[in-house]
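To start, the structure under review is shown below, and the notes come after it.
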Amino acid sequence: MATSDATNSPQGRQPFPWYGIDIGGTLVKLVYFEPTSMTKQEVRDEEESLKVIRETLLSSIAYGQTGVRDAHLEIKGLKFNGYVGNMHFLRFPTHRMDSFIRMVKEKEFSTMHNICHATGGGAYKFEEKFLKEINLRLNKLDEFQCLIKGIHFIDHNTEVNGRSECFSLAQPLDPGGLKKEPYNFRNPYPYLVCNIGSGVSIMAVYSQQECKRVSGTSLGGGTFLGLCCLLTGCETFEEAIELATHGDSTKVDKLVRDIYGGDYKKFNLSGDTVASSFGKMNQKELRNATTKEDLAKATLVTITNNIGSIVMNCAARENIDRAVFVGNFLRVNPISMKLLAYAMDYWSGGSLKALFLEHEGYFGAVGALLGMSCAIDS
């Protein structure tokens, strides 16, 4: 893939607009590259399509009731495929796919070109619908490869609002905000990447060319949201996180001190360690004393602790000392980030580092966009 400046249009380039899409089980993530270094002739040739994109995607940060453009993540002055431009990040719930396809049809996006570079399970699920309803062929790309390529492309090419893309957390038990410490991720191999979406996949990455899936779990972000909807009546991920922020999980979970009366020193277990998630809910009087906020917090702690435990086991088995956590489960979710950072450090005796990335769940879509270069070259 070329990333140098260009004064003339690269030969054989795909027509604008350029975008990649990651269709997950819960969220659709879309990355759009807006060129700013086009020649005058290219501007004239692409004037109509670029105008439609600006009016539809870039004139707002909200689309209907559920679509969002994460303007704070926009990357300006990015070099990509022979051009300089801005990268934009958009998302909407997967169950709103029909509305998205209607919008594409109404705005005639699909007439601009007939191929879309896509990844995620939805690239297979919705392939026929895209082709039948808007005559758009999906160039389906491997989601793990897209994820890894997207992570390294963003980290190597950008800073976000003056911040490093990759960071660790200092003092994760501090009740205040996240204390981010920049982390140099330019030569990170080997490392684990834990992608927390609807479910969870964990990969060991040994080089840019070598990676393998080493574990995963069905208990992920979709589980957290589904259980919160059942237990609290909330409707959105943001609402569930807001409830959890004000909850007390110790009213729901049975702790080591509830069983042993304090710390279990023989096995170095603090009294505050969760011994049984939701273990107090078999008693009616304790159930009656809990709030929706408590249930949401306990659900979040349960899912996060399970993920952390699996990652710890993978790191020990693969002899890896860095774990990168990504995915939209971490969006607006400092509670889980702090829990993961603390757990990795505490249970490994400081040998395992938990790392996070500013663009969280968008790396698959970035990798799909990068796949456009392969399609042009082939």
Against the condition surrounded by fewer than 16 Cβ atoms within 10 Å (Cβ to Cβ), over 23 Å from Gly367 (Cβ atoms) and among the charged types (D, E, K, R), how does Lys105 come out, does it pass?
yes
Yes/no for Lys51 being assigned to a strand (DSSP E or B) and basic (Lys, Arg)
no
Restricting attention to the stretch 198-213, which residues are of a type outside the set (Phe, Trp, Tyr), assigned to a loop (DSSP other than H, G, I, E, B) and out of contact with any helix residue (DSSP H, G or I) (no Cβ under 6 Å at 6 or more places or on another chain)?
Gly199, Ser207, Gln208, Gln209, Glu210
Only one residue in Lys79, Lys29 is open to solvent by 30 Å² or more (accessible area, probe 1.4 Å) and either outside any strand (DSSP E or B) or at pLDDT 90 or above (or both), so which one is that?
Lys79
Is it true that some residue in the stretch 271-283 is aromatic (Phe, Trp, Tyr) and open to solvent by less than 30 Å² (accessible area, probe 1.4 Å)?
no
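Conditions (1) out of contact with any Phe, Trp or Tyr (no Cβ under 9 Å at 6 or more places or on another chain); (2) open to solvent by less than 20 Å² (accessible area, probe 1.4 Å), marked per residue:
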{"position": "Ser49", "(1), (2)": "no, yes"}
{"position": "Ile61", "(1), (2)": "yes, no"}
{"position": "Val68", "(1), (2)": "no, no"}
{"position": "Arg96", "(1), (2)": "yes, no"}
{"position": "Gly122", "(1), (2)": "yes, yes"}
{"position": "Ile134", "(1), (2)": "no, yes"}
{"position": "Leu141", "(1), (2)": "yes, no"}
Kindly check whether there is at least one residue in the stretch 218-228 that is at pLDDT below 95 and among the small types (Gly, Ala, Ser).
no
Residue among Thr236, Thr232 that alone is without any contact (Cβ under 8 Å) to a residue 40 or more places away in the chain, touching a Leu at 6+ places or on another chain (Cβ under 9 Å) and either surrounded by 18 or more Cβ atoms within 10 Å (Cβ to Cβ) or under 30 Å from Thr66 (Cα atoms) (or both):
Thr236
Out of Ala315, Ala365, Ala323, which single residue is within 30 Å of Asp142 (Cα to Cα), open to solvent by less than 10 Å² (accessible area, probe 1.4 Å) and in contact with a Lys or Arg (Cβ under 6 Å, 6 or more places away or on another chain)?
Ala365
Is it true that Phe185 is without any contact (Cβ under 8 Å) to a residue 60 or more places away in the chain, open to solvent by less than 10 Å² (accessible area, probe 1.4 Å) and outside any strand (DSSP E or B)?
no
Across the stretch 21-32, what is the number of residues that are over 18 Å from Glu128 (Cα atoms) and either in contact with a Ser or Thr (Cβ under 9 Å, 6 or more places away or on another chain) or among the hydrophobic types (A, V, I, L, M, F, W, C) (or both)?
4
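So which of Gly216, Gly222 ends up being of a type in the set (Gly, Ala, Ser), outside any helix (DSSP H, G or I) and either open to solvent by 80 Å² or more (accessible area, probe 1.4 Å) or in contact with a Ser or Thr (Cβ under 6 Å, 6 or more places away or on another chain) (or both)?
After applying the criteria, what remains is Gly216.
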Please list, ordered by residue number, the helices (runs of 4 or more DSSP H) wholly in the stretch 270-378 having 2 or more residues that are farther than 30 Å from Leu78 by Cα.
284-288, 292-318, 334-347
Quick check on the stretch 127-140. Is at least one of its residues more than 17 Å from Ala368 (Cβ to Cβ) and assigned to a loop (DSSP other than H, G, I, E, B)?
yes
So His156 ticks every box in (1) part of a loop (DSSP other than H, G, I, E, B); (2) more than 14 Å from Val324 (Cβ to Cβ) but one. Which box is left unticked?
(1)
Can you say whether Val205 is over 19 Å from Val274 (Cβ atoms), in contact with a Pro (Cβ under 9 Å, 6 or more places away or on another chain) and open to solvent by less than 70 Å² (accessible area, probe 1.4 Å), as far as the supplied structure shows?
yes
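Going by what's in this entry, would Val200 be described as more than 28 Å from Ile148 (Cα to Cα) and open to solvent by less than 10 Å² (accessible area, probe 1.4 Å)?
No, not satisfied.
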The one condition Glu159 fails out of (1) at pLDDT 95 or above; (2) closer than 24 Å to Phe144 by Cα; (3) surrounded by fewer than 19 Cβ atoms within 10 Å (Cβ to Cβ) is (1)
Within the stretch 326-336, take every residue that is among the aliphatic types (A, V, I, L, M) and open to solvent by 10 Å² or more (accessible area, probe 1.4 Å) and give me the one that is nearest to Gly24 (Cα to Cα).
Val332
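The values are calculated or read from the model by the stated rules, or taken from the named source; none is laboratory data. Keep in mind that this is a model prediction, so the values were computed, not measured. Reconstructed Cβ throughout: ideal geometry from the backbone, glycine too, with neighbour counts over all protein chains shown. These accessible areas exclude ligands, DNA and RNA; they are computed on the full protein's heavy atoms, side chains included. Shrake-Rupley method; radii C 1.70, N 1.55, O 1.52, S 1.80 Å.
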